[in-house]
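The values are calculated or read from the model by the stated rules, or taken from the named source; none is laboratory data. Worth saying up front: this structure is predicted, and the values here are computed from it rather than measured. Glycine gets a Cβ as well: all are built from the backbone with ideal geometry, and neighbour counts include every protein chain shown.
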Amino acid sequence: MLDWWLPENVSTYGRDIDRLFHLIYWITGITAILVFVTMLVFLVMYKDRPGRRARYTHGNTTLEIVWTVVPSLILVILTFLSVPAWSRIKMQAPPPSDFVVQVTAKQFNWQVTYPGADGKFGTADDKTLLDEMHVPANKVVHVHLRSQDVIHSFFVPQFRMKQDAVPGREIVQWFEATKPGKYELPCAELCGFGHSGMKGWIHVHTADDYRKWAAENLTAAADPPAAGDKKAEEPTRDTTVAATTGGQAKR
Amino acid sequence: MSPVVLEAPPLVRRANGRGVPPRPPTGGGDDDGREPAPRRPRLDNVRLAMMFFLGAETMFFAGLVSAFLVLRLAAPLWPPPLQPRLPVAATGLNTLVLLTSSVAMIAAMRARRGRNRAGLVRRLGLTALLGALFLAVQGYEWAQLLHYGLTLSSGAYGATFYTLIGIHAAHVLGALAWVGVTLGLAARGRFLDGPAGPLRACAIYWHFVVALWPVLYVAVYLA
Amino acid sequence: MSATTATAHARTAHDHHELGFVRTYIFSTDHKMIARQFLFLGLIMMVLGGLLALIVRWQLAWPETAVPGMSLVLRETGGILEPSTYNMAFTMHATIMIFFVIMPILAGAFGNFCIPLMIGARDMAFPLLNMLSYWVTATAGVIMLSGFFVEGGHAAAGWTSYAPLSSVAAYTGVNWGQNLWCISLFVMGIGSMMGSINYITTIINMRAPGMSLFRMPLVVWSLFITAVLLLLALPVLTSGVAMLLFDRTLGTSWFHPSGGGEPLLWQHLFWYFGHPEVYILILPAMGIASEILPVFARKPIFGYHAMAFSMIAIAFLSWIVYGHHMFVSGMNPSLGMAFMVSTMIIAVPSAIKTFNWLGTLWGGRIQFKVPMLFALGFVSMFVIGGLSGIFMASTPVDIYIQDTYFIVAHIHYVVFGGSIFGAFAAIYFWFPKMFGRMTNPALGHLHFWGTLIFFNMTFFPMHIIGVGGQMRRIYNPMQYEFLQHQQHWNVFMTYGALLLGLMQLPFVINFFWSLFAGRKAPLNPWNSTTLEWTAPSPPPHLNWGPTLPTVYRGPYEYSDPEAADDFLPQTQAPARAGARAH
Ligand code: HEA
Ligand code: HEA
Ligand code: CUA
Ligand SMILES: [Cu+2]
């Protein structure tokens, strides 16, 4: 069906969101049309004509009950339909994966850190890229989101993914891209004069393309491009994983 | 210019809310259809307005206290290590001082009902005195704490402490000024047989700032 | 607490001639004069807020080109906006529009004007407090404006001023601007508290004989509920800005993780105020529409009680939905779930109101006078804005559209299509009573059609580019490859905005021309039933002669078959004893 101006979706849960989106398009669209048509009909039928007297009525209980109950039902159903997607995307623990990247936002960059060979963060062989992220397609990716200064927002339109990065917390998000390509990663939360233009690129590779890229760029040989930024990262280092449960940062 | 306060229509005004509560409104009440009759408000304007004013004040402090609790509960250690402890005992006594001032205020109101001007003035004076004493002790404590190195900028601990207690102190100060003015008017014989609205409003507000304190004391000092 | 109505009688009419110019026009305690003062405050601020909006639009359509006229202000850049200037522009646009346009006009002006006149009171319960509330609000306005002239420019962290961006000067480079923003809102909070206390007390205690709660016009109901929300919501903002100000100036760390603070705390405080606030903006407009539709449909409002109770329901629910602004903020997702449920529910009372408005039109004798047109415009635009709210209420969908132009579209359909249309309707409807002169219908029609058409031209495409992914609060969409293909919409919308601004001129002209040269208004130009139309236009000090009107029936008795005329004023005594309740 038509995409209603939505950008192409290339993530697994993006479909769920789009489906809801279209459902609401229909609900609200039909409601709007009903309301406007009725209104116009009334305006034409009942415009002031000499000699006609307005109908003298103070309301109609059955009617009022109907148009209270029907929207309530629609909305309740809509709520129930929204729950699964929400719990899949944000509430439940993300699907297990061994692919973890740490994204630390700062005015006005995305610092993307890979654990390196040992698979641990905070060790010498970490690699930090600036405004650039490489992931394999069809693989669940865990993003450990942090911020050094103000609130930023990790937004990937084609993934239908958005999550604020809050200083003093680490928030775990996940996505699974289904189509190799190069996707823009804008910052969606006002974070200062550089907010506009704070963006990175997510490169989604096929499995073996990714292996090639990793071999060339994530091996200990290649020197960390943005090592300076990793120092500045220290303050948030000791934050316990508050996951997405919004727990307070302990220190 | 003296505030022109227009009361509800004739027959409505009662001697200011003393004695038996007025009958519930008729006509103007919610009984449609019945012949309109003059309404009698349940509460006179001033007391009603004070009620809503306190409602707003409550929301203001609710904002502060809940914010404090959020930070307090998030902190692993409270008070944080190497930070001076708050003087719980001394402040406890100070709390009693403030509570007594409320008693004095009640007595003052009783004196007014007894048409006893001297008593009214004396007891209002006592109220103000106790309030001032409370502030003085608080001020002394602050001086001590600052001296021990607890400042506004020493983390959430200092920040919340000084903000909450400071803002309450500011309210006490305001109430104190109000009592002062009221006292002056009382000394000139207002309220005794004239309308006592302003006096009552002042009393209500005083009781409010006093009642607020134990809450803050428990939240900030004890909890 | 001095003057009883007995003395009030003595002071009627002739009295306010004795007052000097200052006491009559500037430091007046007359609710009608205070209403006019609020109205002018709001309209003047609207020009400023609107011009800021046009600057924003220009930058979005033709990024980094000189904005006409701005070269006088931004000399060093020759009129080209810098990102920081852009942020300042939309921040102050929103702040001014919400706090110094809609609130003064709807709650301030029409609250003051309608309440006493429509419940049959001579004035507010505390006229002096009323005067203070205006002057405190005006002071807040001056403080807010002064921020434009300080070093570092005005606040630039959005009208929501999320910490820590707003709480550390270094992050925005704005220093005193943000402080003044806090101080101004603090002062404004005090002013509106004075006002709301006054409204509530007046409505509870000062209704004329026979004016029972359920004989009150719905606009009075709406203002009553609005006042309660104002009273309880604004103090929370006040406490929030106090903390923000302390963080900025005294080095406290309420919102700084480094000092044990919590950034999300600000969002919780702000939105706990913020959501009731948006209903503060819409409720009076709803009341106004419910007031105007029956008059020009010559028909009782459909489901009076449902209308009143749905507003009460909105007021209660508005406290438990605020989290829908924070779905992706990092707030606990199961909370998000709860907030989705409450947000969906809060749409139901609005549904009831919408359908009752339609019911009021059904079988009416509809007269397309200017106030009616704006009231109808309000209903339709509010429906569009409300329906877009449903998208965001659904948490998964909000993940995608949060902080996109879809939100901006929603904002403007509800606040401009809703509140501002309501405000215009009210201005055209009560102008005769307020200033004693009729407005010019031709200019009125021009203003309405121009505003309606260009409003939609400006804001409807925002849905499209929002769905396309364009973030809000961005300085230059062309910096993003995935947005470039829809830039033509931005140009289109900017033309719309310019024309929309232009179409406000008929209003300005109409307003001032009618003010001095308009046709003298009769007592009751619209054949309306409510009390204000029984007072002279404009009403004198203390509104009525020696005796207050007495109320015998509900506010919407139009086209009663048993009545000779097609409307029965509330003051008309029933023919037989035991009048029918409305
Ligand atoms: C006048 C102001 C006003 C009003 C009345 C509303 C009304 C509503 N708003 Fe809106 N809102 C704002 C002003 C307002 N809003 C502003 C300013 C923001 C942005 C703040 C910022 O971030 O800067 C915002 C943001 C906002 C968000 C956050 C978006 C985000 O940042 O991610 C959400 C999310 O749920 C939301 C939802 C709603 C809903 C569900 C309603 C409902 O009350 C709407 C109910 C009405 C209807 C639904 C239409 C009529 C009903 C029918 C025709 C019946 C049939 C309907 C159905 C069966 C569905 N609003
Ligand atoms: C009351 C609320 C209100 C009103 C009326 C408006 C009106 C307008 N708004 Fe605004 N707007 C907001 C509330 C409002 N807005 C809010 C809350 C935000 C979010 C800010 C944020 O993100 O922090 C926002 C943000 C916002 C943005 C997004 C900025 C961004 O995110 O980057 C844009 C962009 O187009 C915009 C445009 C406009 C335009 C073109 C108008 C036009 O309708 C303006 C047209 C009016 C005029 C041009 C004035 C002329 C009027 C007269 C001359 C009559 C005066 C009468 C007398 C003197 C008698 N607004
Ligand atoms: Cu980072 Cu916006
Ligand atoms: Cu909201």
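List of remarks:
- Within region C:231-250, the set of residues being more than 30 Å from C:G108 (Cα to Cα) and facing another protein chain (nearest Cβ under 7 Å) comprises C:L250 only.
- If you go through region C:300-332 and pick out every residue that is among the aliphatic types (A, V, I, L, M), within 12 Å of chain A (Cβ to nearest Cβ), within 11 Å of ligand 1 (Cβ to nearest atom) and buried (at least 23 other Cβ atoms within 10 Å of the Cβ), you end up with 1.
Yes/no per residue for (1) at pLDDT below 95; (2) of a type outside the set (F, W, Y); (3) within 20 Å of A:L78 (Cα to Cα); (4) within 14 Å of ligand 2 (Cβ to nearest atom):
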{"site": "C:F368", "(1), (2), (3), (4)": "no, no, no, no"}
{"site": "C:L373", "(1), (2), (3), (4)": "no, yes, no, no"}
{"site": "C:F391", "(1), (2), (3), (4)": "no, no, yes, no"}
{"site": "C:P396", "(1), (2), (3), (4)": "no, yes, yes, no"}
{"site": "C:Y405", "(1), (2), (3), (4)": "no, no, no, yes"}
{"site": "C:A409", "(1), (2), (3), (4)": "no, yes, no, yes"}
{"site": "C:V414", "(1), (2), (3), (4)": "no, yes, no, yes"}
{"site": "C:F421", "(1), (2), (3), (4)": "no, no, no, yes"}
{"site": "C:W430", "(1), (2), (3), (4)": "no, no, no, no"}
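- Criterion: crowded, with 23+ Cβ neighbours inside 10 Å, without any contact (Cβ under 8 Å) to a residue 12 or more places away in the chain and within 14 Å of chain A (Cβ to nearest Cβ) - qualifying residue of C:S258, C:S253: C:S253
- When restricted to residues that are within 13 Å of ligand 4 (Cβ to nearest atom) and either facing another protein chain (nearest Cβ under 7 Å) or aliphatic (A, V, I, L, M) (or both), region C:333-344 contains 2.
- Every pair of residues 6+ apart whose Cβ atoms lie under 6 Å, when the first sits in region A:161-182 and is at positive phi while the second is modelled with pLDDT of 95 or more: A:G181/A:V204
- Of all residues making up region C:468-491, the number that are within 33 Å of the chain's Cα centre (by Cα) and at the interface with chain A (Cβ under 7 Å from one of its Cβ atoms): 7
- When C:T95 is tested against (1) under 24 Å from the mean Cα position of the chain (by Cα); (2) more than 24 Å from C:T238 (Cβ to Cβ); (3) assigned to a helix (DSSP H, G or I); (4) among the β-branched types (V, I, T), only condition (2) is not met.
- Apart from one condition, C:H268 fits all of (1) more than 16 Å from ligand 2 (Cβ to nearest atom); (2) buried (at least 24 other Cβ atoms within 10 Å of the Cβ); (3) within 14 Å of chain A (Cβ to nearest Cβ); the exception is (2).
- Residue satisfying all of: in region C:506-526; surrounded by fewer than 16 Cβ atoms within 10 Å (Cβ to Cβ) and in contact with a Phe, Trp or Tyr (Cβ under 8 Å, 6 or more places away or on another chain); farthest from the other protein chains (Cβ to nearest Cβ) among these: C:L515
- Unique residue being within 14 Å of chain C (Cβ to nearest Cβ), outside any helix (DSSP H, G or I) and closer than 26 Å to B:V88 by Cβ when the list is B:L212, B:L164, B:L150, B:L216: B:L150
- Flag if C:F38 is in contact with a Lys or Arg (Cβ under 8 Å, 6 or more places away or on another chain), outside any loop (DSSP other than H, G, I, E, B) and aromatic (F, W, Y): no
- The one condition in (1) within 16 Å of ligand 4 (Cβ to nearest atom); (2) in contact with a Lys or Arg (Cβ under 7 Å, 6 or more places away or on another chain) that C:F296 fails to fulfil: (1)
- Of the strands (runs of 3 or more DSSP E) lying entirely inside region A:113-174, those containing at least 2 residues that are within 14 Å of ligand 3 (Cβ to nearest atom) and touching a Ser or Thr at 6+ places or on another chain (Cβ under 8 Å) span A:141-147, A:161-165.
- Checked against the criterion of being in contact with a Ser or Thr (Cβ under 9 Å, 6 or more places away or on another chain) and either surrounded by fewer than 23 Cβ atoms within 10 Å (Cβ to Cβ) or not in a helix (DSSP H, G or I) (or both), the candidates C:L335, C:L358 yield just one match: C:L358.
- Residue among C:F99, C:F27 that alone is aromatic (F, W, Y) and farther than 24 Å from C:Y413 by Cβ: C:F27
- Qualifying residue in region A:138-151 (condition: without any contact (Cβ under 8 Å) to a residue 40 or more places away in the chain and either of a type in the set (A, V, I, L, M, F, W, C) or over 23 Å from A:A207 (Cβ atoms) (or both)): no
- Some residue of region A:23-32 being more than 9 Å from every other protein chain (Cβ to nearest Cβ) and surrounded by 17 or more Cβ atoms within 10 Å (Cβ to Cβ): no
- Residues (within 7 Å of another protein chain (Cβ to nearest Cβ) and closer than 10 Å to C:L265 by Cβ) located in region B:64-86: B:A67, B:V70, B:L71, B:A74
- Of the residues in region C:52-66, at least one is more than 16 Å from ligand 4 (Cβ to nearest atom), more than 14 Å from chain B (Cβ to nearest Cβ), closer than 22 Å to C:G108 by Cβ and not β-branched (V, I, T).
- C:S222 vs. criteria of a type outside the set (K, R), more than 9 Å from every other protein chain (Cβ to nearest Cβ) and part of a helix (DSSP H, G or I): yes
- Residue match in region C:145-153 (condition: within 14 Å of chain A (Cβ to nearest Cβ) and within 16 Å of ligand 2 (Cβ to nearest atom)): yes
- Among the residues making up region C:97-134, those that are surrounded by fewer than 24 Cβ atoms within 10 Å (Cβ to Cβ) and touching a Pro at 6+ places or on another chain (Cβ under 8 Å) are C:P127, C:L128, C:L129.
- A count restricted to region A:137-163 and to residues that are within 9 Å of another protein chain (Cβ to nearest Cβ) and farther than 16 Å from C:G330 by Cβ stands at 3.
- Candidates in region A:60-87 are the residues that are within 8 Å of another protein chain (Cβ to nearest Cβ) and more than 24 Å from C:M331 (Cα to Cα); of these, the one that is farthest from ligand 1 (Cβ to nearest atom) is A:N60.
- Some residue of region B:49-62 being closer than 27 Å to A:G168 by Cβ and surrounded by 18 or more Cβ atoms within 10 Å (Cβ to Cβ): yes
- Selected residue (only one of C:A107, C:A89 is within 14 Å of another protein chain (Cβ to nearest Cβ) and within 16 Å of ligand 1 (Cβ to nearest atom)): C:A89
- Identity of the residue in region A:172-190, within 16 Å of ligand 2 (Cβ to nearest atom) and not small (G, A, S), that ends up surrounded by the fewest Cβ atoms within 10 Å (Cβ to Cβ): A:P186
- Residue ID - modelled with the lowest pLDDT, chosen from residues in region C:41-70 that are under 22 Å from C:G173 (Cβ atoms) and more than 8 Å from ligand 2 (Cβ to nearest atom): C:M70
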